[in-house]
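Notes follow the structure.
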Amino acid sequence: MTSELLHAKLKENFGFEKFRPNQETIITTVLSGQDTLAIMPTGGGKSICFQLPALVLPGITIVISPLIALMKDQVDSLKTNGIAACYINSSQTSEEQQYYIDNLRSNTFKLVYIAPESLSYLDNAFNELTISLIAIDEAHCISAWGHDFRPAYTNLGYLKNRFPSTPVLALTATADKATRTDITKQLNLKNPKTFVASFDRKNLSLEVRPALDRVKQIIDFVENKPNESGIIYCLSRKTTEELAEKLQKKGITAKAYHAGLDNKLRAKTQDEFINDDCQVVCATIAFGMGIDKSNVRWVIHYNLPKNIEGYYQEIGRAGRDGLPAETVLFESYADVIQLQKFASEGLNSDIQLAKLDRMKQYADALSCRRKILLSYFGELVKENCGNCDICKNPPTFFDGTILAQKALSAITRLQESEPLAVIVDFLRGSKNAYIYEKNYQELKTYGIGADISWYDWNQYLIQLINLGYCEIAFHQHNKILLTPFAKKVLFEGEKVKLTTVIKKVIDKNEIKQEKAKAVKNSLFETLRKLRHAIAQEEDVPAYVIFSDAALRQMEILRPMSDDEFLAVEGVGKAKLEKYGSEFINAIIQFHKNKSVVKKGKKESTYDKTLELFQNGLSIEEIAGQRNLGETTIVSHLAKLYVDGNDFDLSQFVSDEEIVAIEKAQIELENPTALRPYFEHFEEKMSYDKIRFGLAFLERKHQTIQ
Ligand code: ADP
Ligand code: ZN
């Protein structure tokens, strides 16, 4: 099949203009009948790799997927694109299952999604079905090496034996080599062609912040993003609940999600999130696996994740639609210690500790974070990414020896018995009760760092901890202890390099409100609401109707005809037919309303001017009464005249003058500004006359047309 034909299929059925990296080669390979292993990051676009071949191939494509919740979404998604698909899993009654199996026999469906545990339902039908392709999604579940082993997957190897000439396509987002080899072996793939797409997700911005005041930081962050869906990952169930409550108090729709909640409540929260009815989910890692929501606009890690694999998978849930999405990770020392404790007590503790260490190195990085992430997955990148906090604000180093000496000697004076906050208070010479109670104000070095802010001292001390000069004794009330290296700085003249502290700017409230208002009145918001209403009617997630990317394009392109609508990314034939007219109407209506609003606003101020004018007041008097400039009143009257209000213009401009202005208009080739006229008449005709003259001409031309 030629590349042109594949592209035509892509547009017609899925509405996309271009393939994402590796999609086309994977599809071509699958269509040639070859077993294939496709490794692509979350959001890389794995589904198209079997959905498009399914349309081209004569028989049925079986898709094995472990996630029952996801099947419905995928099938809904296919249906909105006009593709016949179904799923079979344990959520259905046996009558329903039988119904779908019968329909498979009569070749009604191109794709069937099935959970591995439910494959046996198909056993009897297998002989009568033409199976053209077997796709195994989340294929890493077959491997005990992977992080998500599913026993039901281990039986899947029989499929290749049962259908030796049917190509098998295994897909996963797990890159590690041991898992890859395991997949090939256990699925009995025959010399599979392997494709590894880049794990780079350029649209995800990367940022790490110190965890100081993180709740406030999070509230600020979310308030700045009205209506944008996001996930906040927390380490403990308790944190998810507390955080959700704090956000709710600020009027944000936020819900907690963790394994301890009952199934119904969890399913409800997930549904609300998917359907854009709940903006924020505060979740333990249990959330996100089973959802395919493409318009998650941001992901926050409230706590440090255990390892980079998990972190990357979690941030990967943002921005699947390819639009910019933000990720923020909060780093705290307390988390590191707690995670170290978990890791050292669990299985494979050495490996887990080493992984945690890599995670911490990432968080403490002073060079492009994306490079570090990608190199972890074996991808070497030369260029800095430009979309991480380090690239945007490269750290600057300075000689921090004196600062370090001050801090370390303060710790000595306090006899290594106080936590970080007290050390900072001591350095800054704070006059609080605790300091006085302990008589710390009497000690030498008290207040030697008064010139540096509280926040900055905090950060410098954390840097000193990271550099290994001191450490936190977590089991002894977090007091700060010196390490043997501190001596070198205090007594042996070792130089210390510190980095300048960059404080994240927090938006002012007014900016937030402005932003919220702009968002509320945008075309995007109008379209989003329409999408939401249709989604509810059809009982599918909103992003299944159109992705955020598609709505953004509609906002920019403002399509008002079928052809224009079809040019929007994500609009294929079926979606044009189903939703085109509703969306086009909404866009046209939005345009109309906008101009009415504009007019309405002007009318009210214009009406006042008109009323006073009709009451016989002069321009000067109206200006005085309305506290506006005379020029403004003149422009009001001119506009009122153009809009069809009748009053005697000759009191402002004579017929001869109008004739002269008309001539000038032709000579000057109809300039938009008044100044060229003014100069043309060598400053002898007033601006007011010119304005009224032009108003007269404009109205005349309108009537002629
Ligand atoms: P994965 O399963 O790899 O996480 P999906 O198959 O769910 O990814 O695709 C992620 C998102 O990208 C979906 O919203 C999908 O519609 C979109 N997508 C896939 N391929 C393309 C493409 N070629 N052009 C634009 N968007 C695409
Ligand atoms: Zn970078």
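Numbers for the structure displayed
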| quantity | calculated |
| --- | --- |
| Compactness index (Cα Rg / 2.2 N^0.38 Å), the chain | 1.25 |
| Debye, to nearest 20: dipole size of region 204-392, +1 on Lys, Arg Cβ, -1 on Asp, Glu Cβ | 100 debye |
| Likely footprinting exposure, 659, 496, 501, fewest C-beta neighbours within 10 Å first | 659, 501, 496 |
| Across 72/293; 238/268; 216/255, pairs whose alpha-carbon gap is larger than 23 Å | none |
| Unit charges at the beta carbon, dipole of the chain: most positive-side option, 549, 232, 526 | 232 |
| Protection proxy ranking, peptides 611-621, 578-588, 321-331, average beta carbon neighbours within 10 Å, highest first | 321-331, 578-588, 611-621 |
| Residue order, fewest to most beta carbons within 10 Å, for 47, 94 | 94, 47 |
| Residues of type aspartates and glutamates that residue 9 reaches as a straight line, Cα spacing below 18 Å, ignoring anything fewer than 8 places off in the same chain | 17, 24, 563, 569, 577 |
| Region 221-297 and region 464-501: distance between their alpha carbon centers, rounded to Å | 38 Å |
| Dipole of region 245-344, positive direction: furthest Cα of 323, 254, 300, with charges on the beta-carbon | 254 |
| Helix-derived mean residue ellipticity, 222 nm - over the chain, DSSP H n ≥ 4, -39500 (n - 2.57), to 500 | -15000 deg cm²/dmol |
| Whole-number D in µm² s⁻¹ for region 204-392, Kirkwood Cα-pair radius fed into Stokes-Einstein, 4 °C, 1.567 mPa s | 76 µm²/s |
| Likely footprinting exposure, 141, 470, fewest C-beta neighbours within 10 Å first | 470, 141 |
| Lysines with Cα under 17 Å of residue 684, excluding same-chain neighbours fewer than 8 positions away | 663 |
| Mean-position separation - Cα centroids, region 181-204 and region 69-134, in angstrom | 25 Å |
| Contact order normalised by residue count of the chain, Cα under 8 Å, 6+ apart, percent | 11 percent |
| Kirkwood Rh in Å, taken over region 110-203 so that all alpha-carbon pairs contribute | 14.3 Å |
| Size of electric dipole in region 3-196: Cβ of Lys, Arg +1 and of Asp, Glu -1, about Cα centre, debye, nearest 20 | 520 debye |
| Under 28 Å from the Cα of residue 487 - lysines, other chains or at least 8 residues apart | 360, 406, 438, 444, 479, 495, 497 |
| Region 397-499, relative contact order [Cα under 8 Å, separation at least 6], % | 39 percent |
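Each reported figure results from applying straightforward, stated rules to the coordinates on display, with no laboratory input. Note that the coordinates shown come from a computational prediction; the quantities given were computed from them, not determined experimentally. Counting neighbours? That spans all protein chains shown, and the Cβs are built from the backbone with ideal geometry, glycine included.
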